[in-house]
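Working notes, beginning with the structure itself.
The values are calculated or read from the model by the stated rules, or taken from the named source; none is laboratory data. Computed from a prediction, not measured in an experiment: that's the story for all the values here. Cβ atoms come from the backbone with ideal geometry, glycine included; neighbour counts cover every protein chain shown. Note: accessible area is taken over every heavy atom of the protein model, side chains too, but ligands, DNA and RNA are not part of it. Shrake-Rupley method; radii C 1.70, N 1.55, O 1.52, S 1.80 Å.
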Amino acid sequence: MSQEALIQLVRDTLMLVFLTAAPLLGAALVMGLLISIFQVVTSIQDMTLTFIPKMIVICLVTLLLLPWIVERIVTFTLHLLGQFAVYAG
C-alpha cells in the first residue's frame, strides 16, 4: 500500500466518523446549553436534570438519523471493498 493511499484511507475514515458523530454531539451540546440556562434561571442543580434529557435527545436523534448513518457506512464499506486491490497491494 502506498503512503498516499494510506493517507487517503485514514482521511476518508476520519471524515466518516466526524460526519456521523457530529449531529449527535451537536444535539447533546444544544440540549446541554438549554438545560444549563434552565438551571441558572430556576436555581435547580439536580444532576439527573442534565443527564436524562440529553440521553433522550441523543436517542431520538440517533433514531431519526440512523438510516442516513447506515447509508454512509455501507457506502464507505462498499467503496473500501471495491478498492481492496489498492489497499492490499
Only helical DSSP H runs with n ≥ 4 go in: add -39500 (n - 2.57) per run for the chain, normalise by residue count and round the 222 nm mean residue ellipticity to 500 deg cm²/dmol. -32500 deg cm²/dmol
Rounded to the nearest 10 degrees, what's the angle between the helix 47-82 long axis and the longest principal axis of the chain, both from Cα atoms, 0 to 90? 10
Gln83's amide H: which non-local residues (gap 5+, or another chain) put their own amide H closer than 5 Å, with H modeled 1.01 Å from N in plane and none for Pro or chain starts? none
Inverse of mean 1/r across different Cα pairs in the chain, Kirkwood, Å: 15.7
Among 65-71, 29-35, the order from most to least packed when residues are scored by Cβ within 10 Å on average: 29-35, 65-71
Below 8 Å, C-alpha to C-alpha, sequence gap of six or more: please give me the relative contact order for the chain in percent. 49
Please report the carbon-and-sulfur percent of the accessible area for the chain; probe 1.4 Å, protein heavy atoms only, DNA, RNA and ligands left out. 78
